[in-house]
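Asks: Got a structure here, written out as structure tokens. Questions coming.
The values are calculated or read from the model by the stated rules, or taken from the named source; none is laboratory data. Everything numeric in this text was worked out from a predicted model, so none of it was measured. Glycine also receives a Cβ, built like all others from the backbone with ideal geometry; neighbour counts cover every protein chain displayed. Calculation scope for accessible area: heavy atoms of the full protein, side chains included, ligands and nucleic acids excluded. Shrake-Rupley method; radii C 1.70, N 1.55, O 1.52, S 1.80 Å.
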Amino acid sequence: MKSGKLYWYLQRFSALYFISFLVYLEYTFWTTGITFQFLTTNNLFKAALSIFILSACAHAFIGLWTVGTDYLTKRTLGFISTNLSVYADVLRKIYETVFFILGVLIATFYISIIWF
Amino acid sequence: MTFVTFIMTQNRPVNINLFKIKLPLSAFLSITHRISGILIFFLVLPFSIVAYYELAKSQSSFDNFMSIYDTYLGIKLGCIFLTLIFQYHIFTGFRHILMDFHIISENLSSSYKSAVVTLALFVLNALLTIWIML
């Protein structure tokens, strides 16, 4: 499978996972209720939340990359200012670095809070 | 006169300026889906870390968070707003998935209809969410 196709499917199937995770959370909320015990001792929830966070970051990387390559380009920035459009590639690289670092931080914080 | 200089010397109207295009409803849903996605990553996820940290730290911290949530209307409204951004992304995203897998056919009329249905479902769901969370 070509990597572009892989990313495309990864984003769609992670989205389907988010919906099922939310249905599970909603079901728990209405049946047993979200309590402190549930958050800290239920291993099924902790595993499901970990997968949710990791796939959310992957989903976000693909989505934000798409947004960046759509709008932070010479052509699109040229609508605002031609002087700005010269730096389009640099700006996009900075933007990609920022969201990548933020995504890694979010995943690290979440996983460490969930399990430690 | 070359073609390029011909194009550049003509004072023809250029209507590809994004700020001058009136959006159809389906395009409005598409762009707001992207904006809500950006907001989720840069706003909802970082704030949810703080909330989850407080909720999972200890029983007293859990109770403290809940009492703060009930006491300060601003925090409550902020949480509701962040939840609604998240739900909006889920609803419009589900419509995109149905289109990607050709369950909703990709033509103007079904695109418009599905956009209306998505918005209606989102508004219903938003009212329900606000009623539960308030």
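Asks: What does the helix-only formula give at 222 nm for chain B: each DSSP H stretch with n ≥ 4 adding -39500 (n - 2.57), the total divided by the residues, and the result rounded to the nearest 500 deg cm²/dmol?
Replies: One gets -25500 deg cm²/dmol as the mean residue ellipticity at 222 nm.
Asks: Follow-up question, since we're still on this one. Calculate the spin-label point distance for residue A:26 paired with residue A:116, positioning each point 7 Å from the Cα along the beta-carbon direction, and give it in nanometres.
Replies: Inter-label distance under the simple model: 3.5 nm.
Asks: From the gyration tensor of the Cα coordinates in segment B:39-78, what semi-axes in whole Å does the equivalent ellipsoid have, largest first, with each one equal to sqrt(5λ)? Show your work: numbers first, answer last.
Replies: Details: eigenvalues 73, 43, 3 Å².
With the √(5λ) rule applied to segment B:39-78, the semi-axes are 19, 15, 4 Å.
Asks: Interface B/A, total buried accessible area with a 1.4 Å probe, nearest 100 Å²?
Replies: Numbers: alone 10290 and 8460 Å², together 15800 Å².
Summing both chains' loss of accessible area gives about 2900 Å².
Asks: May I pose another question? Just for the Cα atoms in segment B:72-134, what are the lengths along the principal axes, largest first, rounded to whole Å?
Replies: Extents along the principal axes, in whole Å: 47, 16, 14.
Asks: Taking Cα pairs under 8 Å and at least six residues apart, what relative contact order does chain A come out at, in percent? List each step's numbers first, then the result.
Replies: Numbers: 64 pairs, mean separation 30.7, N = 116.
Reported as a whole number, the value is 26 percent.
Asks: What number results when the radius of gyration of segment B:28-134, computed over Cα atoms, is divided by 2.2 N^0.38 Å?
Replies: Numbers: Rg = 16.9 Å, N = 107, 2.2 N^0.38 = 13.0 Å.
Compactness ratio reported: 1.30.
Asks: Quick one: if you stick a label point 7 Å off each Cα along the C-beta vector at residue B:35 and residue B:67, how many nm between them?
Replies: Label at residue B:35, label at residue B:67, 4.0 nm between them.
Asks: Using every pair of alpha-carbon atoms in the protein assembly as shown, split the distances into 10 Å bins beginning at 0 and state the percent of pairs per bin, rounded to integers.
Replies: That works out to 6, 23, 32, 22, 11, 3, 2, 0, in percent per bin.
Asks: Once the piece of chain linking residue B:28 and residue B:105 is laid out straight, how much longer is it, given 0.36 nm per residue of separation minus the C-alpha distance between them?
Replies: Details: separation 77, 0.36 × 77 = 27.72 nm, distance 1.84 nm.
Net length gain for the segment: 25.9 nm.
Asks: Then there is this: What list of ³J(HN,Hα) couplings, whole Hz, do you get for segment B:60-65 from phi and the Karplus terms 6.51, -1.76, 1.60, once you set θ to phi - 60° and write x for glycine and proline?
Replies: 5, 5, 4, 5, 4, 4
Asks: For chain B, modelled as a Gaussian network with Cα springs under 10 Å, which listed residue fluctuates most, B:115, B:27, B:56?
Replies: B:56
Asks: Per DSSP H run of n ≥ 4, the term is -39500 (n - 2.57); total these for chain A, divide by its residue number, and report the mean residue ellipticity at 222 nm rounded to 500 deg cm²/dmol.
Replies: Details: 6 runs with 103 residues, N = 116.
-30000 deg cm²/dmol, from helical runs alone.
Asks: Dipole of chain A, Cα-centred, from +1 at each Lys and Arg C-beta and -1 at each Asp and Glu C-beta, to the nearest 20 debye?
Replies: Numbers: 8 positive and 4 negative charges, 70 e Å.
Here the size comes out at about 340 debye.
Asks: For the Cα atoms of chain B, what angle does the longest principal axis make with the long axis of helix B:108-133, in degrees from 0 to 90, nearest 10?
Replies: Roughly 20 degrees, rounded to the nearest 10.
Asks: What relative contact order, as a whole-number percentage, does chain B give when Cα pairs under 8 Å and 6 or more residues apart are counted?
Replies: Numbers: 64 pairs, mean separation 38.5, N = 134.
Relative contact order for chain B comes out at 29 percent.
Asks: If you don't mind, there's one more thing I want to ask. Rounded to whole Å, give me the distance from the Cα center of segment B:92-134 to that of segment A:54-99.
Replies: Centre-to-centre distance over Cα atoms comes out at 27 Å.
Asks: What are the residues whose amide H is under 5 Å from the amide H of residue B:104, where those residues sit 5 or more places off or on another chain and H is modelled from the backbone?
Replies: Amide H neighbours of residue B:104: B:99.
Asks: Taking only Cα atoms, what is the 0 to 90° angle, nearest 10, from helix A:3-31's long axis to the longest principal axis of chain A?
Replies: 30
Asks: How much of the calculated P(r) for segment A:5-116 lies past 25 Å, in percent of all Cα pairs? Before the final figure, lay out each step's value.
Replies: Numbers: 2511 of 6216 pairs.
Summing the P(r) of segment A:5-116 above 25 Å gives 40 percent of all pairs.
Asks: With chain B treated as a Gaussian network of Cα nodes joined by springs under 10 Å, which of B:88, B:53, B:112 yields the largest mean-square fluctuation?
Replies: Among B:88, B:53, B:112, the largest GNM mean-square fluctuation belongs to B:53.
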